[in-house]
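**Q** Dropping a structure here in structure tokens format, bear with me for questions.
The values are calculated or read from the model by the stated rules, or taken from the named source; none is laboratory data. Values in this document were obtained by computation on a predicted structure and should not be read as measured data. Neighbour counts are summed over all protein chains in view; Cβ atoms, including those assigned to glycine, are modelled from backbone coordinates with ideal geometry.
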Amino acid sequence: MTESQEEKGGKSIFVSKELLEELTGYKAPYKQIEWLTRKNYPFEVNGANHPKLLMEVMFSKLGSPSTKTIEDEPKQKWKLDLSKLT
């Protein structure tokens, strides 16, 4: 995903570099790989030797029942019914 897609609100299926650093506590990719392996997170390594972790995997490992957020839910439309007022 390019930066312009992220700026437009596009969502990546992969955990961002910043979030991966927060999750693992490490900035160095080789340390992130060690941590992910030790914690049994399934991941892939890209051509630059950086770990790629799916958002879905992170959510499921952390106990979240779903990757949906409140923002993903359709907004409920309200209709004011004044006919019941006296």
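**Q** Can you tell me how many residues in the range 22-61 are more than 17 Å from the chain's Cα centre (by Cα) and among the acidic types (Asp, Glu)?
**A** Count: 1.
**Q** Considering only residues that are under 14 Å from PHE14 (Cα atoms), at pLDDT 80 or above and not hydrophobic (A, V, I, L, M, F, W, C), which ones fall in the range 42-86?
**A** Within the range 42-86, the subset under 14 Å from PHE14 (Cα atoms) is 42-46, 50-60, 67.
Then keep just the ones that are at pLDDT 80 or above; that gives 42-46, 50-60.
If the condition is that a residue be under 14 Å from PHE14 (Cα atoms), at pLDDT 80 or above and not hydrophobic (A, V, I, L, M, F, W, C), then PRO42, GLU44, ASN46, HIS50, PRO51, LYS52, GLU56, SER60 are the ones that fit.
**Q** Which members of the range 11-38 meet the condition of being of a type in the set (Asp, Glu) and under 14 Å from ASN49 (Cβ atoms)?
**A** GLU34
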